[in-house]
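Read through the structure below, which is laid out as structure tokens, and then see the notes.
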Amino acid sequence: TRLGPLAGRVALGLGAILLLVLGLVWLVRRIVGLWPFLRSVGEAVLRALLEMPITRIWIDRHPRASAFIAGRFATDVFTGLPVTVLAGVFLYVFGIWLGSVFDWLTAAPIVAVDIRVANLLHAFWSPGLLRSATWITALGDTRFVAAVTLAFVIALAARGRIALALAMGVAVAGNAVSVTVLKLIFQRERPPFAYFTESTNSFPSGHAAISVAFWGTIFYVLWRAGLIRVATALLLAPLFALMIGGSRLVLGQHYLSDVFNGWLVGALWVVVAVVVAEWWRETHPRTPPRQGAAKWLAGGVTLALGLYAASIVIFYDKARNIPWQGPPQVTLNSPLEIVGAGDFDQQAESVIGTPLEPVNLKLYQMGQSLPMSHA
């Protein structure tokens, strides 16, 4: 009797997670596999454009402008094609971010979706789900992020990887400042049934932003350090972002638009961090690793910070103290009070607010129909 009603919800949740992971794996494999083909096509198109007579005439008339444009497509320096691509990505993500802000300010349909998704996820609350979501959300906790960031910066600096250390610092610090300022500007209140009491505003989600800025930069650093492959980084970075952002939705701490906007803010800082790191690598000689006492001191501090960060997640106070009491019991004097209650919506709606079929209600007791039916 207990497992029956839960089996569908558990299977639905696990199935959604499995499909998400499989979808990410498929997408990453397609990106990695198609990249050589896309690059060759782009080079062929560029050569064809340069060989056109009208292009040659324009180049001869405007040598400085053509030299500048050609420099933006150079593949032998970071300030060439890599910066051009990253600048395009930054502008694209920034444009989407602006659109999400205008959607919220103008009460676009996503605001209606916010409320319905929040209500839907709230209906699935259970002690196990809340505890799992809380441990996942701990991966974006301020104390955990600060400890891991400091550990990475110290370890990378001790090994002479100043560029990667700068990437970590720029991404986390810049993201923190941006989210703080944006929360103060927009002043959006949290959902009314947020599971934990938070003192900050809701828009954008700080956890969602740091799930991209922090974890995305970490996987970039691990890839640049040669510890993981690029396909692994492309798979794990969005997976961590989706898990942490999703945990904020499950816990009712944020609306869907808060999380989406936070992801975009974090993505912007990942791009900035990559640009800073790659520019530093190209313009500055690599610093030799620390030796002797400095090396051992850096290793000890890094280990201590790592243990502290792990303890935050393992012994996360919010996950260990979940005062679950279940839904309140309500005593009705008459079945008609169900229909007459103010919170009983007699019209079903889709997640975007489109009216669907009316709600049909029929009560049974001991296999017999009660003398009451409402459609």
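The values are calculated or read from the model by the stated rules, or taken from the named source; none is laboratory data. Being a predicted model, the structure only gives us computed values, none of them experimental. All Cβ positions, glycine included, derive from the backbone under ideal geometry; neighbour counts span all protein chains shown. We work out accessible area using only protein heavy atoms, side chains counted, and drop any ligands, DNA or RNA first. Shrake-Rupley method; radii C 1.70, N 1.55, O 1.52, S 1.80 Å.
General remarks:
- Sulfur and carbon atoms: percent of accessible area, the range 48-98 [1.4 Å]: 74
- Globularity index of the range 177-233, i.e. its alpha-carbon radius of gyration over 2.2 N^0.38 Å: 1.54
- For the range 239-305, the solvent-accessible area of protein heavy atoms averages 48 Å² per residue (probe radius 1.4 Å; ligands and nucleic acids excluded).
- Accessible surface computed residue by residue for the range 11-71, with neighbouring protein chains in place and a 1.4 Å probe, gives 84 Å² per residue.
- Kirkwood-Stokes translational diffusion coefficient of the range 6-94, alpha-carbon pairs, 25 °C, 0.890 mPa s, µm²/s: 145
- Computed as a quarter of the hull surface, the mean projected area of the alpha carbon convex hull for the range 157-255 stands at 7.0 nm².
- For the range 250-321, the fraction of 1.4 Å probe accessible surface lying on carbon and sulfur atoms is 70 percent.
- When you count the other C-beta atoms within 10 angstrom of each residue and take the mean per peptide, 89-98, 197-206 line up highest first as 197-206, 89-98.
- Descending by average beta-carbon neighbour count within 10 Å, the peptides 258-267, 26-35 line up as 258-267, 26-35, the highest first.
- Part-to-part distance (alpha-carbon centres) for the range 266-306 and the range 143-194, which is given in Å: 15
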